[in-house]
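Colleague: My questions will all concern the structure given below.
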Amino acid sequence: MREGGRYQLRYVRVVRLAEMCTTCHGAPDTIPPAVREAVARRYPDDRATGFSPGDLRGVVSVRVPVGK
């Protein structure tokens, strides 16, 4: 990849939801009441629920300039 006249290496990796993440981000009816209350207090506009293990949650992208 070339950007700004320089070559770059680019690494991209998907971020998938792990089983333990469903404690806070799983189906709303499976999230423990104490967790629901804590999340509601700290993140009142949070809508990051309803996910299952293996769901795509994001991407990590890193670019490293190389050479000239």
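Colleague: Going toward the positive end of the dipole of the stretch 2-66, with +1 on Lys and Arg Cβ and -1 on Asp and Glu Cβ, which of 59, 40, 28 do you reach last?
Modeller: My answer, from the dipole projection, is 59.
Colleague: Roughly how many debye, to the nearest 20, is the charge dipole of the stretch 2-66 about its Cα centre, given +1 on each Lys and Arg Cβ, -1 on each Asp and Glu Cβ, and no other charges?
Modeller: So the dipole magnitude of the stretch 2-66 works out to roughly 500 debye.
Colleague: Another question about this same structure. Relative contact order for the chain using alpha-carbon pairs under 8 Å, separation at least 6, rounded to a whole percent?
Modeller: Computed value for the chain: 53 percent relative contact order.
Colleague: Starting from the Kirkwood radius over alpha-carbon pairs of the chain, derive D by Stokes-Einstein at 20 °C in a medium of 1.002 mPa s and give it in µm² s⁻¹.
Modeller: After rounding, the answer is 147 µm²/s.
Computed from the coordinates by the stated procedures, all read-outs in this text should not be read as laboratory data. Because the structure is a prediction, the values reported are computed rather than measured. We place every Cβ from the backbone using ideal geometry, glycine too, and count neighbours over all the protein chains shown.
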